[in-house]
Amino acid sequence: MTKKKPTITQSVINGCVRHTIELFRPGRALLLAMLVLAVGGTTLPAQAATYTDLFDFLDGGPGPQWPGGPIPQGRDGDLYGYSYLGGTNNTGSIWKTDASGAVSVIYSFAAGTGNDCQNGMTLGADGNFYGTAFTNCGGGGYVFKITPTGTLTLLHTFTGTPDGYGPGLLTPYADGNFYGVTSTGGTNNLGSVFKITPAGVLTILYSFNGTSNLANPSYGLTVGNDGNFYGTTVAGNGTVFKMTPAGVVTLLHSFAGPPNDGQAPVSGVILGKDGNFYGTTQYGGSVVYDEFFNEGTVFKMTPAGTVTILHNFNLSTDYGAFPTAPLLQATDGNFYGAVDSCNEFGCGTQDLYKVTPSGTLTVLEEFTGSGSGEFPYWPLMQDTNGILYGVTQQGGMVNGGVLFSLDISAVPFARLVGTSGKEGAKIGILGQGFTAATVVKFGGTQATTIQRSGATFISATVPAAALTGSVTVTTGTTTLTSSQMFKVTPTFLSFTPTSGSVGTPVVLTGTGLTQTTKVTFGGVTATTVTVNSDTQVTANVPTGALTGKIVITTKGGRAQSKTSFTVD
């Protein structure tokens with residue numbers, strides 16, 4: 001009988017979205033549910049990092065049982081997660097914890113509703129959390145909002161066609177909306193990309209059609225430095241794609257599979273500090289597991305789509321393979337994650353690891369199940385105190401799961417709720433130790449208007465002449481630097497004169513123009529550009545200029561004139 005290669009589908013088991021590989025063998029079809037994360041390259045023994053079991057989840061409620069992530073940080077400094085079981089009715093809950101592991105339930109799912117499998121939550125600009133879930137771990141799924149005090153609002157219920165079926169994690173964007181994917185459904189039942197407002201108005205931006213294996217998107221979307229979205233699909237060997245905010249999709253890379261490329265990028269990609277994208281593939285690579293698939297890879301991809309395999313997973317040296325959860329790049333520049341070595345014969349070694357951008361792996365902590373964590377299905381998160389946090393779905397004192405921390409000796413930092421904005425925009429900043437005397441600077445320019453909410457959150461107004469770069473928050477002798485770069489987006493208000501011949505100086509007015517890098521007339525770049533101030537730039541009409549819009553490009557983005565300039 002001719003062998004058929006594995007088919008990847010998505011299911012939800014024990015509160016966790018898992019990717020399933022269907023193996024076709026003579027006389028039977030085996031369903032193998034795997035959820036693992038590991039990396040390779042050179043493997044090193046455990047190095048300095050302090051693991052702490054902060055809280056052992058119990059069973060049966062009223063506390064949470066079988067927790068899930070990712071676990072975002074709220075304005076109050078606490079971390080928020082969900083559970084598949086537990087809560088008042090033992091049908092699941094949403095819970096929070098402080099950095100010490102004091103866990104409390106803020107919402108219990110109603111009795112008789114079943115156990116709603118979730119994909120984790122995202123902090124919105126309004127201080128509320130937005131997430132997706134599957135009713136009874138089935139159905140099309142839904143989008144919800146929950147306040148930090150536990151008031152839950154259903155925003156949208158998916159129907160399959162034409163909107164989508166099986167939503168992934170939401171991604172906040174600079175326009176204040178959230179973007180996400182569904183693994184199936186949409187016009188062609190091959191998945192969709194959607195936008196949803198905080199009020200619940202949903203727009204389908206793109207329905208996948210299977211062209212070039214662009215079908216069945218996985219996990220969620222990541223925003224690149226260019227303002228576009230990047231994601232993965234798992235049809236065939238899998239792909240990486242780019243999508244504009246308007247919904248224009250471009251194929252960047254089609255995975256070729258073993259032995260020289262990955263296969264099945266089920267965990268999406270993350271944006272690295274160097275502007276490239278990083279991810280894992282569940283299968284593929286050069287290390288053979290059995291006759292059907294190889295053990296997976298870690299890869300780097302440039303924004304143009306050039307992929308480099310950084311590491312081939314190897315069970316014998318890496319203590320895990322077949323990665324299916326996203327990486328986390330911490331403030332020290334290294335990537336961190338957890339591995340759950342499950343295969344068709346059972347589950348093996350499970351641990352936490354660090355991997356360098358060049359692919360060198362270090363095992364940091366091994367999970368042992370009884371009395372320890374078990375099944376670390378989700379990505380880690382880094383609190384603004386510098387410490388990493390995560391959960392295991394099971395294990396611990398009574399097999400209810402574990403909340404743990406991993407101290408990598410990173411210094412405290414500030415996290416931006418929004419990473420771009422115009423002068424005058426209000427930007428949320430998470431941290432600790434804030435007081436009335438705290439000073440906020442955008443690229444070295446001090447914000448004159450800030451509003452503080454306790455010691456862990458500040459809303460700062462982007463000041464005039466702010467510069468694209470890091471945001472610093474100084475309280476006394478302590479300065480926290482943002483882990484993300486903030487982009488000051490320019491505005492383009494007017495230009496004069498409205499027409500002229502080659503060589504004519506044209507005065508452009510707006511805001512955020514200090515870091516102007518280019519001006520174009522009808523797509524032709526001006527060779528003489530003078531930055532007069534933050535609100536004014538003068539550019540001479542270049543040779544070959546065409547009648548059309550003028551575009552100003554700065555380090556923080558682009559701004560286009562509302563009307564056209566006429567070339568005489």
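The values are calculated or read from the model by the stated rules, or taken from the named source; none is laboratory data. Remember, it's a predicted structure, so these values are computed and weren't measured experimentally. FYI the Cβ positions are ideal-geometry reconstructions off the backbone, even for glycines, and counts take in every protein chain you see.
Within this structure, Thr511 passes the test of being on the phi < 0 side of the Ramachandran plot, under 34 Å from the mean Cα position of the chain (by Cα) and of a type in the set (Ser, Thr, Tyr).
The stretch 472-551 holds no strands (runs of 3 or more DSSP E) entirely within its bounds that carry 2 or more residues that are under 29 Å from Thr222 (Cα atoms) and among the charged types (D, E, K, R).
A quick yes/no check of all residues on (1) surrounded by 20 or more Cβ atoms within 10 Å (Cβ to Cβ); (2) under 24 Å from Thr478 (Cα atoms); (3) without any contact (Cβ under 8 Å) to a residue 40 or more places away in the chain; (4) not assigned by TED's automatic domain parsing to the domain that holds Gly275:
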residue: Thr368; (1), (2), (3), (4): no, no, yes, no
residue: Gly373; (1), (2), (3), (4): yes, no, no, no
residue: Gly386; (1), (2), (3), (4): no, yes, no, no
residue: Tyr389; (1), (2), (3), (4): yes, yes, no, no
residue: Gln393; (1), (2), (3), (4): yes, no, no, no
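Scan the stretch 284-303 and report the pairs whose first residue is farther than 27 Å from Lys273 by Cβ and whose second residue is of a type in the set (Lys, Arg) and outside any loop (DSSP other than H, G, I, E, B), with Cβ atoms within less than 8 Å and a gap of 6+ or a chain change. Close Cβ pairs satisfying both conditions: Phe292/Lys5; Phe293/Lys5.
Of the residues Tyr130, Tyr173, Tyr179, which is within 22 Å of Gly431 (Cα to Cα), crowded, with 21+ Cβ neighbours inside 10 Å and in the same structural domain as Ala325 (by TED's automatic domain parsing)?
Numbers: Tyr173 fails: crowded, with 21+ Cβ neighbours inside 10 Å; Tyr179 fails: within 22 Å of Gly431 (Cα to Cα).
Being within 22 Å of Gly431 (Cα to Cα), crowded, with 21+ Cβ neighbours inside 10 Å and in the same structural domain as Ala325 (by TED's automatic domain parsing) holds for just one of Tyr130, Tyr173, Tyr179, which is Tyr130.
Going by the conditions given, is Gly544 within 30 Å of Gln432 (Cα to Cα) and touching a strand residue (DSSP E or B) at 6+ places or on another chain (Cβ under 7 Å)? Judged against the criteria, Gly544 is not a match. For the stretch 104-126, the tally of residues that are surrounded by 15 or more Cβ atoms within 10 Å (Cβ to Cβ) and either touching a His at 6+ places or on another chain (Cβ under 9 Å) or touching a residue at least 60 places away in the same chain (Cβ under 8 Å) (or both) stands at 8.
Strands (runs of 3 or more DSSP E) fully within the stretch 361-456 that include at least 2 residues being within 16 Å of Ile71 (Cβ to Cβ): 388-392, 402-407. As a summary of the residue check, Asn209 satisfies the conditions (1) over 17 Å from Thr324 (Cα atoms); (2) assigned to a loop (DSSP other than H, G, I, E, B); (3) out of contact with any Leu (no Cβ under 8 Å at 6 or more places or on another chain) except for the one numbered (3). Across the stretch 439-458, the number of residues qualifying as surrounded by fewer than 21 Cβ atoms within 10 Å (Cβ to Cβ) and more than 28 Å from Thr535 (Cα to Cα) comes to 5. Applying the set (1) aromatic (Phe, Trp, Tyr); (2) closer than 20 Å to Gly138 by Cα; (3) touching a residue at least 40 places away in the same chain (Cβ under 8 Å) to Tyr179 leaves exactly one unmet item: (2).
In this structure, is Thr308 in contact with a Gly (Cβ under 7 Å, 6 or more places away or on another chain), within 30 Å of Thr419 (Cβ to Cβ) and not aromatic (Phe, Trp, Tyr)? Against the criterion (in contact with a Gly (Cβ under 7 Å, 6 or more places away or on another chain), within 30 Å of Thr419 (Cβ to Cβ) and not aromatic (Phe, Trp, Tyr)), Thr308 does not qualify.
Considering the stretch 56-80, the residues that are touching a Pro at 6+ places or on another chain (Cβ under 9 Å) and farther than 22 Å from Ser453 by Cα include one that is surrounded by the fewest Cβ atoms within 10 Å (Cβ to Cβ), namely Leu58.
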